[in-house]
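Please treat every number below as a calculation from the coordinates, not as lab data. Everything numeric here is computed off the predicted structure, so don't read it as measured data. Positions of Cβ are backbone-derived with ideal geometry, glycine not excepted, and every protein chain shown enters the neighbour counts.
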Amino acid sequence: MAYSDSDMYLNLLKNGMFVQRMYSNSGYADSSAFTTNLYLQAGDKIWIVNGGYGSDHLHPGNYNCFSVMLSKEKY
């Protein structure tokens, strides 16, 4: 995930608040993954941002995948 010879930290945020961090290093921890369950309400926002440490470049090409699944809507 991290670009050549670099570290990368990505943060998952919900409504601007830190939820979880992922780490990748191009020479030591080439791949990274995390799974988390979030309880969302209408209007909630989630996003992934650079953690502010190490590289700000993802590895180019088709090496990165981010996905989200809505499993149940709460009434």
Amide H contacts under 5 Å for Ser6, placed H, 5+ residues apart: Ser26, Gly27
What are the residues whose amide H is under 5 Å from the amide H of Gln20, where those residues sit 5 or more places off or on another chain and H is modelled from the backbone? Leu12
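Relative to the present Cα-Cα distance, how much length would full extension add between Asn37 and Arg21 at 0.36 nm per residue of separation?
Details: separation 16, 0.36 × 16 = 5.76 nm, distance 1.40 nm.
Taking 0.36 nm per residue and subtracting the Cα distance, the gain is 4.4 nm.
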Along the stretch 7-23, what does the Karplus equation 6.51 cos²θ - 1.76 cosθ + 1.60 (θ = phi - 60°) give for ³J(HN,Hα), rounded to whole Hz, x for Gly and Pro? 9, 8, 10, 10, 10, 9, 10, 10, 6, x, 9, 4, 10, 7, 10, 10, 10
May I ask you to derive the FRET efficiency for Asn50 and Ser71 from their Cβ-Cβ distance with R0 = 30 Å, giving the value to the nearest 0.05? 0.60
